[in-house]
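The values are calculated or read from the model by the stated rules, or taken from the named source; none is laboratory data. Everything quoted here is computed from the prediction, not taken from an experiment. Here Cβ is always computed from backbone atoms with ideal geometry, including for glycine, and neighbour counts include all displayed protein chains. Keep in mind that these areas ignore ligands, DNA and RNA; they rest on the heavy atoms of the full protein, side chains included. Shrake-Rupley method; radii C 1.70, N 1.55, O 1.52, S 1.80 Å.
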Amino acid sequence: MKNKYLFGGGIIIVFLALMSYLFTQTNVSYEEDFAEIVHSTKTVKATGEWVKSKNYRLDNEKKIFSFYMKDYKGNEMRVVYNGVMPNNFESSTSVVVTGKYQDGYFYATDILTKCPSKYEEQFDETASS
């Protein structure tokens with residue numbers, strides 16, 4: 001009978017520890033100022049735009065994609081992504097990256113791009129009315 005309570009208590013402790021771990025892993029903050037990202041140790045979603053004058057690099061063997069990104073203040077940081085280049089990256093107007101800043105690079109785990117054509121239709125509709 002006592003073993004039954006110990007087993008149930010153990011399951012509850014493991015469940016609470018797992019939930020605590022998952023809660024800290026999903027705690028992502030949003031940041032648009034890259035000066036703040038440099039000093040952060042948390043996972044961050046950063047919004048900015050690709051610096052087209054500094055071309056991107058794509059290593060097909062290692063599947064590493066890197067580029068420079070700047071925020072609204074003009075601060076730049078180099079983004080390194082372990083994966084392939086997003087399809088509409090070159091035509092995007094804005095880029096959102098998720099990851100952490102370490103050793104002078106922003107290591108992204110996810111890249112989202114905003115396509116300009118989606119917003120051009122909305123602009124044309126409002127301009128004509």
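Miscellaneous remarks
- 19 Å Cα cut-off, lysine pairs counted over the range 9-124 (separation 8 or more, or different chains): 13
- Per-selection Rg to Rh, the chain - Cα, Kirkwood hydrodynamic radius: 1.20
- Surface share of carbon and sulfur [accessible, 1.4 angstrom probe, percent] for the chain: 55 percent
- Over the chain, dividing the summed -39,500 (n - 2.57) contributions of all DSSP H runs of at least 4 residues by the number of residues returns a 222 nm mean residue ellipticity of -10500 deg cm²/dmol.
- 12 Å beta-carbon shell around residue 30, net charge (K/R +1, D/E -1): -2
- Loop-located GluC sites (Glu not before Pro) in the range 57-90 whose Cβ has at most 15 other Cβ within 10 Å (DSSP): 61, 90
- Solvent-accessible surface (1.4 angstrom probe) belonging to residue 53, in square angstrom, nearest 10: 110 Å²
- Using alpha-carbon coordinates, inclination of helix 2-25 to the longest axis of the chain, degrees: 10 degrees
- Think of a 1.4 Å ball rolled over the protein heavy atoms: the chain then has 73 Å² of accessible area per residue.
- Rounded to 10°, Cα long-axis angle of helix 116-128 versus longest principal axis of the chain: 60 degrees
- Of the chymotrypsin sites (Phe, Trp or Tyr not before Pro) in the range 52-82, those whose Cβ has at most 12 other Cβ within 10 Å and which sit in DSSP loop: 72
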